[in-house]
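Let me begin by presenting the structure, written as C-alpha cells, before commenting on it.
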Amino acid sequence: MTPDVKAFFDQATNTVSYVVREPQGGACAVIDSVLDFDQASGRTDTKSADAIIDHVKQQGLRVEWILETHVHADHLSAAPYLQEQIGGEIGIGDRITMVQDTFGKVFNEGTEFQRDGSQFDALFKEGDSFHFGQMRGDVLHTPGHTPACLTYVIGDAAFVGDTLFMPDFGTARCDFPGGSPKALFNSIQRILALPDETRVFVGHDYKAPGRDDFAWETTVGEQKELNVHIGKGRDVEDFVRMRDERDATLGMPRLILPSIQVNMRAGQMPHEDDAGNVFLKIPINKL
C-alpha cells in the first residue's frame, strides 16, 4: 500500500513533521511533531502543532499513533499536546531506556524520574509492527545517531528521522552519548537494502550549498547513488573516519538542553514545584 504523506516544515528548527494516512480511509499517524520553544524567554507555543491539528480536523482524520523516531536534541516534541487534542498513542523505540539512564544522570534527575520508558504508550523493538486503519508499519532499529533511533517503514515510505538527510547533505552526527559512526553505517545499509523505489522522508533539511529550496523526500535509489557521505558504495572505514572528523567540528544543537529533558519524558515538562512553576536545568560542563 502507498500511504498519503503530508509534510510540515518548521523553519525555526529545520524539522520536518509528517502526517501519514492510509490511502483509503481516515486513519493516520503523526511522526516527529514540534512544540515551539523560545529559549531566550523560556516560553512555549503550539503554532507548529496546531497546523497539524488543523490539517487532521479539516481532512476528517483519525490519529491512531504519534510516533517519535528518537529523542530529538534540536526541538521539543508536541506529542502530549497532540494527544490531548486529537488522540493517538505515543510510541518510540525501546532503547529509550538507555537514553533516559544516560541523561537522567546528566540532568541529575534523581529517583522520581522513571528510566523504564513508562512515559510512552508503546515501546517498539526491532521487527515490531503496528497498524493504523488498513495500513501497516514496520519497525527497523537504526542506531548510530542515538542508540534508540528507529526507522518506520510504512508501505512504500521510510521515515528515517535523523539517520539520513537529503543526498546532497549526507548523514547524521554520531557524537552524542551512545552514538556510533560504525553503528550508523550499518543502520544505513539496512535502509539502503529496501527497494530502490522506496520513498525516504528525512527528519530535517538545512539546504545544502547550491540548493535554494528546502526538501525532505528522496528515494533509496537516490540515496545509494548520490548521498555525499554514504553513496556509491563507500566502505565502513572511510565513513567512520569522515564522520569522526566532521563531528569534531560541530557545536551542540541550540536547543539540546531543553529538548532532551522534555523529549525523554515523552514531551512532558518536568514536574511542577509546590507553587506550580516548571523549571528546566542547565548542567555546566556536562556535554
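The values are calculated or read from the model by the stated rules, or taken from the named source; none is laboratory data. Note that the structure is predicted; figures quoted are calculated from it, not measured. Heads up, the Cβs are rebuilt from the backbone with ideal geometry, glycines too, and the neighbour counts pull from every protein chain shown. With ligands, DNA and RNA removed, areas are computed over all heavy atoms of the protein, side chains included. Shrake-Rupley method; radii C 1.70, N 1.55, O 1.52, S 1.80 Å.
The residue of the range 53-93 that is surrounded by the most Cβ atoms within 10 Å (Cβ to Cβ), among those that are without any contact (Cβ under 8 Å) to a residue 40 or more places away in the chain and charged (D, E, K, R), is GLU89.
Check whether at least one residue in the range 37-49 is among the basic types (Lys, Arg), surrounded by fewer than 16 Cβ atoms within 10 Å (Cβ to Cβ), on the phi < 0 side of the Ramachandran plot and without any contact (Cβ under 8 Å) to a residue 24 or more places away in the chain, and report yes or no. Scanning the range 37-49 turns up at least one residue that is among the basic types (Lys, Arg), surrounded by fewer than 16 Cβ atoms within 10 Å (Cβ to Cβ), on the phi < 0 side of the Ramachandran plot and without any contact (Cβ under 8 Å) to a residue 24 or more places away in the chain. Tallying residues that are over 15 Å from HIS70 (Cβ atoms) and part of a loop (DSSP other than H, G, I, E, B) within the range 118-147 yields 6. Here the range 6-37 is the region considered, the condition is being out of contact with any Asp or Glu (no Cβ under 7 Å at 6 or more places or on another chain) and of a type in the set (Asp, Glu), and the residue that is nearest to ARG136 (Cα to Cα) is GLU22. Could you please find all residues in the range 114-136 being surrounded by 13 or more Cβ atoms within 10 Å (Cβ to Cβ), without any contact (Cβ under 8 Å) to a residue 40 or more places away in the chain and closer than 22 Å to LEU280 by Cβ? Hits for the range 114-136 are GLN114, ARG115, GLY117. Scoring ARG246 on the criteria (1) surrounded by 19 or more Cβ atoms within 10 Å (Cβ to Cβ); (2) in a helix (DSSP H, G or I) leaves a single failure, condition (1).
With of a type in the set (A, V, I, L, M), open to solvent by less than 80 Å² (accessible area, probe 1.4 Å), closer than 29 Å to PHE124 by Cβ and free of Cβ contacts under 8 Å to residues at least 40 places away in the same chain as the only criterion, which of MET269, MET264 stands out? Lay out the reasoning, then the answer.
Details: MET264 fails: free of Cβ contacts under 8 Å to residues at least 40 places away in the same chain.
Only one candidate passes the filter, namely MET269.
Only a single criterion out of (1) surrounded by 14 or more Cβ atoms within 10 Å (Cβ to Cβ); (2) not in a loop (DSSP other than H, G, I, E, B) is not satisfied by PHE214, namely (2). Among the residues making up the range 167-208, those that are without any contact (Cβ under 8 Å) to a residue 40 or more places away in the chain and either closer than 24 Å to GLY251 by Cβ or open to solvent by 30 Å² or more (accessible area, probe 1.4 Å) (or both) are ALA172, GLY179, SER180, GLN189, ALA193, PRO195, ASP196, LYS207. Looking at PRO80, PRO3, just one residue is out of contact with any Phe, Trp or Tyr (no Cβ under 8 Å at 6 or more places or on another chain) and either closer than 19 Å to VAL139 by Cα or among the basic types (Lys, Arg) (or both), and that residue is PRO3. Just to be sure before I move on: is PHE169 among the aromatic types (Phe, Trp, Tyr), touching a strand residue (DSSP E or B) at 6+ places or on another chain (Cβ under 6 Å) and at pLDDT 95 or above in the structure I sent? Against the criterion (among the aromatic types (Phe, Trp, Tyr), touching a strand residue (DSSP E or B) at 6+ places or on another chain (Cβ under 6 Å) and at pLDDT 95 or above), PHE169 does not qualify. Among the numbered conditions (1) touching a His at 6+ places or on another chain (Cβ under 7 Å); (2) outside any loop (DSSP other than H, G, I, E, B), the only one that GLY179 does not meet is (2).
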